[in-house]
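Asker: Quick one: the structure is below, and I'll ask about it shortly.
Only the coordinates and a few stated rules stand behind these numbers; no lab work does. It should be emphasised that the depicted structure is a prediction, and the values quoted were computed from it without experimental measurement. All Cβ positions, glycine included, derive from the backbone under ideal geometry; neighbour counts span all protein chains shown.
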Amino acid sequence: MFDPITIPFGVVMLYNVLKVKEGVKVEDVELALGEMCNVVKNTYGNEEGGFVGGQVFEYTGFVSEQGSFDPEKKSEDHLVIITYWKSFEQHERSHADAVFKEKFSNLTEYCSDTYEMGYKMLWQGVPE
């Protein structure tokens, strides 16, 4: 569950932002989040499903003054789910599935807003 993941070149990355309702803590969403992630991993983590791996992050409030145009800009509390897929089409098929929709719906009860954007990998590297 907490092992490193290997991301092959050429995958697509989906960046899903979950803005949590005021007063909601990570502990409040952990079960719903875990159930949804397990459905994705266990159901679509094969050649046909196309799921390669994923990560979940909690916004901590720090903003880089070196990497931001406006370091004073802060964001609402949110979680980010990053998933990697062999294709965008496989991602969309998985998310149209009734079981996934049910688990995602349970998670969004804790959220004021959600949105998901897709990206095509252009580069990756590690230190030599």
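Asker: Using the Karplus equation 6.51 cos²θ - 1.76 cosθ + 1.60 (θ = phi - 60°), what ³J(HN,Hα) coupling, rounded to whole Hz, does each residue of segment 19-31 give in order, writing x for Gly and Pro?
Answerer: 7, 7, 5, 4, x, 7, 10, 4, 4, 5, 9, 4, 5
Asker: Of the listed pairs K19/K86; K21/K103; K21/K86; K41/K86; K25/K120; K25/K86, which have alpha-carbon separations greater than 24 Å here?
Answerer: Among K19/K86; K21/K103; K21/K86; K41/K86; K25/K120; K25/K86, the Cα-Cα distance tops 24 Å for K19/K86; K21/K86; K25/K120; K25/K86.
Asker: Please arrange L18, L31, L107 by counting, for each residue, the other beta carbons lying within 10 Å of its beta carbon, fewest first.
Answerer: L31, L107, L18
Asker: Then there's this: Given the rule -39500 (n - 2.57) for each run of at least 4 DSSP H residues, summed and divided by the residues of the chain, what is its mean residue ellipticity at 222 nm, to the nearest 500 deg cm²/dmol?
Answerer: Taken over the chain, the calculation gives -9500 deg cm²/dmol.
Asker: Follow-up. If you bin the C-alpha pair distances of segment 1-51 every 5 Å from 0, what whole percents do you get?
Answerer: Values per bin, smallest distances first: 4, 14, 18, 26, 17, 12, 6, 2.
Asker: Measuring from label point to label point, each 7 Å out along Cα→Cβ, what is the Q124 to E22 span in nm?
Answerer: 4.1
Asker: Could you derive backbone 3J(HN,Hα) for segment 76-87 from the dihedral phi with the Karplus parameters 6.51, -1.76 and 1.60 (θ = phi - 60°), listing whole Hz in sequence and x where the residue is Gly or Pro?
Answerer: After applying 6.51 cos²θ - 1.76 cosθ + 1.60, I find 5, 4, 7, 10, 10, 10, 10, 10, 10, 9, 5, 8 Hz.
Asker: Give the Cα extents of the chain along the principal axes, in whole Å, largest first.
Answerer: Each principal axis gives a Cα extent; for the chain these are 44, 42, 25 Å.
Asker: To the nearest 20 Debye, how big is the dipole of the chain about its Cα centre, given +1 on the beta carbon of each Lys and Arg and -1 on that of each Asp and Glu?
Answerer: Around 260 debye, computed over the chain.
Asker: Could you tell me the relative contact order of the chain? Use alpha-carbon pairs under 8 Å, at least six residues apart, and round to a whole percent.
Answerer: After rounding, I find 46 percent.
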